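One structure is given here, and the rest of the page talks about it.
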Amino acid sequence: MPSRKPAFPPLRVARRESEIEHASETTKGHGRVEKRTIEVTSALAEYLQSDWSGCAQVFRLTRERRIGTKTEIEVVFGVTSLARQQAGPRRLLELIRAHWGIENGLHGVRDGTLKEDASRIRKGSAAEVMAALRNIVIFLFDRLGHRGAASATRHYVCHPEKSLKVLAFPYSK
């Protein structure tokens, strides 16, 4: 049986490990336990500059989700223009988590309330125009102080004259 040599010499492994920073967090809620672990390095930034100008760091994010006895593991890779001094591993975890909170919240409104995924509009730029209109509607609901898009939608369906007023004077209540 052939001997198994390490992929890298010991000194190179030690150097590589010293260039990688780690952070992790665990949250519990909604019947699940989620552990997110991030590994960040700026060692590849120069190498990747030709493909990703502005790349300052790369990361590998591992998400481990346990629901009862079932465990799911997801690994994603990313690049960021934020330097190590601007965002270390813990800060990157926060930023990634905040991004998905915004993304999921916006998608929830756009699809759950405004039924974006059910739309059959596909020709030309009509889909992009409809997405822009949905964004305007969400902005106006928020600007006019509505707590939720669903209740605002019901309100304007029941009071179409108010919808016209909003379109004519979008910043008056």
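The values are calculated or read from the model by the stated rules, or taken from the named source; none is laboratory data. No experiment lies behind these values; they were computed from the predicted model shown. Cβ placement follows ideal geometry from the backbone for every residue including glycine, while neighbour counts extend to all protein chains displayed.
Structure summary
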item: Residue list for the stretch 111-137, restricted to those being in a helix (DSSP H, G or I), at pLDDT below 80 and of a type outside the set (Gly, Ala, Ser); result: Asp111, Thr113
item: Residue tally, condition surrounded by fewer than 10 Cβ atoms within 10 Å (Cβ to Cβ), at pLDDT 80 or above and either β-branched (Val, Ile, Thr) or not in a helix (DSSP H, G or I) (or both), over the stretch 138-173; result: 3
item: Matching entry among Gly78, Gly29, Gly108 (being under 30 Å from Arg134 (Cα atoms) and modelled with pLDDT under 90); result: Gly108
item: Sole exception among (1) under 15 Å from the mean Cα position of the chain (by Cα); (2) without any contact (Cβ under 8 Å) to a residue 40 or more places away in the chain for Ile67, by number; result: (1)
item: Near pairs, Cβ below 6 angstrom, 6+ apart or cross-chain, from the stretch 10-28 (farther than 30 Å from Ile67 by Cβ) to any residue that is at pLDDT below 90; result: Glu19/Ala43
item: Matching entry among Arg66, Arg60 (being basic (Lys, Arg) and under 22 Å from Leu95 (Cα atoms)); result: Arg60
item: Filter result for Glu94 (touching a Lys or Arg at 6+ places or on another chain (Cβ under 6 Å) and not β-branched (Val, Ile, Thr)); result: no
item: Hits in the stretch 9-26 - residues which are surrounded by 12 or more Cβ atoms within 10 Å (Cβ to Cβ), modelled with pLDDT of 85 or more and over 15 Å from Phe59 (Cβ atoms); result: none
item: Selection within the stretch 31-50 - within 16 Å of Val76 (Cβ to Cβ) and within 20 Å of the chain's Cα centre (by Cα); result: Glu34, Lys35, Arg36, Thr37, Ile38, Glu39, Val40
item: Hits in the stretch 33-50 (condition: of a type outside the set (Asp, Glu) and part of a strand (DSSP E or B)); result: Val33, Lys35, Arg36, Thr37, Ile38, Val40, Thr41
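Here's the yes/no breakdown for (1) loosely packed, with under 12 Cβ neighbours inside 10 Å; (2) touching a helix residue (DSSP H, G or I) at 6+ places or on another chain (Cβ under 9 Å); (3) of a type in the set (A, V, I, L, M, F, W, C); (4) modelled with pLDDT of 90 or more:
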{"residue": "Met1", "(1), (2), (3), (4)": "yes, no, yes, no"}
{"residue": "Lys35", "(1), (2), (3), (4)": "no, no, no, yes"}
{"residue": "Glu46", "(1), (2), (3), (4)": "yes, no, no, no"}
{"residue": "Ala56", "(1), (2), (3), (4)": "no, yes, yes, yes"}
{"residue": "Thr62", "(1), (2), (3), (4)": "no, no, no, yes"}
{"residue": "Arg65", "(1), (2), (3), (4)": "no, no, no, yes"}
{"residue": "Ile73", "(1), (2), (3), (4)": "yes, no, yes, yes"}
{"residue": "Glu103", "(1), (2), (3), (4)": "yes, no, no, no"}
